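Let me begin by presenting the structure, written as structure tokens, before commenting on it.
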Amino acid sequence: MKKIIALTFVLIFSGNFIIRAQSRFPIKTSSVWRINYEFPRYEWTTHASGDEEYKYFIGGDTIISGKKYFKLLKSGVLYLETPLIIRNKYIGALRDSENKFYFVANKSDAETLLYDFDAVVGGSIDGKDNGFYKVSGIETLPSGRKKYMFDFITVHCGSANTVIEGIGWLGGLLEGNSCSGHPGVRGSYLVCYSEDGTAKYESDIALMYDLSCTSPITSAPAIAKQNLKFSLSNSVLKVYSPNNSTPIEFIEIYNVLGNKVMNEKVNSGHEYSTNIAFLERGLYLLKVSGNGQTNIFKFMF
């Protein structure tokens with residue numbers, strides 16, 4: 001009789017332990033976080049040098065210090081003069097336990113608390129920055145996931161100052177808070193999060209630009225065909241197509257407030273120059289359009 005009672009106690013304790021260890025919204029083998037790092041204020045398919053389109057996804061299991069993790073991989077495109085394809089790059093290891101996400105970076109065995117989805121108002125969502133990110137408000141979405149807001153000021157960051165339970169920052173899973181909605185300030189945005197090929201969360205950016213978790217990442221060859229060049233010397237701005245593959249039809253310049261300060265139709269086709277001495281000193285965005293394609297460059301004058 002005592003053995004039966006003891007065994008029952010063990011089973012109940014084990015069952016409770018399993019329930020406590022199971023997160024409300026656990027990581028799955030099919031989890032995918034699609035992220036863009038760029039200027040989302042303008043055309044979403046327009047890329048300046050250094051922009052990225054990529055996704056994080058799960059690539060199997062691994063054991064670190066006796067604990068089971070998911071391998072977190074990254075695939076996408078880094079837009080340089082010659083676009084760089086990133087395929088299945090190992091970023092680190094990720095695991096969830098009792099509504100918390102933990103992460104071990106590549107070439108490290110030190111585990112850090114990435115998210116605490118049991119955080120309360122006034123508490124900290126993660127283990128970084130000595131608790132700098134204090135939760136100011138919590139809502140519950142129709143899906144049942146918690147939405148955490150933070151009471152601190154950044155420039156035009158909008159919804160990026162938000163964490164979604166089981167997904168992470170709207171700036172990106174590992175990217176943290178983002179501030180990319182202001183011209184001249186780069187940053188990352190979570191486009192959407194999916195499981196089993198189905199979107200579980202779509203951000204405002206996805207809805208604004210009619211994107212989805214299954215939208216293809218722009219191919220490197222397509223970007224290479226748009227490979228325009230520009231230069232600035234003695235107040236003379238020059239734009240040219242080195243291989244004459246992309247015609248230049250419209251030139252626009254925006255200041256850091258997003259105001260258009262110059263707009264000109266180009267008739268020369270593959271080369272354009274203008275004197276911009278009339279502009280005040282500062283940071284600008286140059287938008288070059290032609291043949292249905294658009295390129296954006298950032299420059300300091």
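Things to note:
- Label zone at ASP61 (point 7 Å along Cα-to-Cβ), backbone N below 16 Å, segment 83-123: 93-97
- Evaluated with a Cβ-only charge set (Lys, Arg +1; Asp, Glu -1), segment 225-300 carries a dipole of roughly 160 debye about its Cα centre, given to the nearest 20.
- Of LYS55/LYS287; LYS238/LYS287; LYS229/LYS287, pairs whose Cα-Cα distance is over 21 Å: LYS55/LYS287
- Sequence ranges 294-300, 141-147, ranked by mean other-Cβ count within 10 angstrom, highest first: 294-300, 141-147
- Taking a ≥ b ≥ c as the square roots of the eigenvalues of the Cα gyration tensor, segment 225-300 is classed as prolate, since a/c reaches at least 1.5 and a/b is larger than b/c.
- Taking Lys and Arg as +1 and Asp and Glu as -1, the other residues whose beta-carbon sits under 12 Å from that of ASN106 total +3.
Only the coordinates and a few stated rules stand behind these numbers; no lab work does. Values in this document were obtained by computation on a predicted structure and should not be read as measured data. Neighbour counts run over all protein chains shown; Cβ positions are idealised from the backbone, glycine included.
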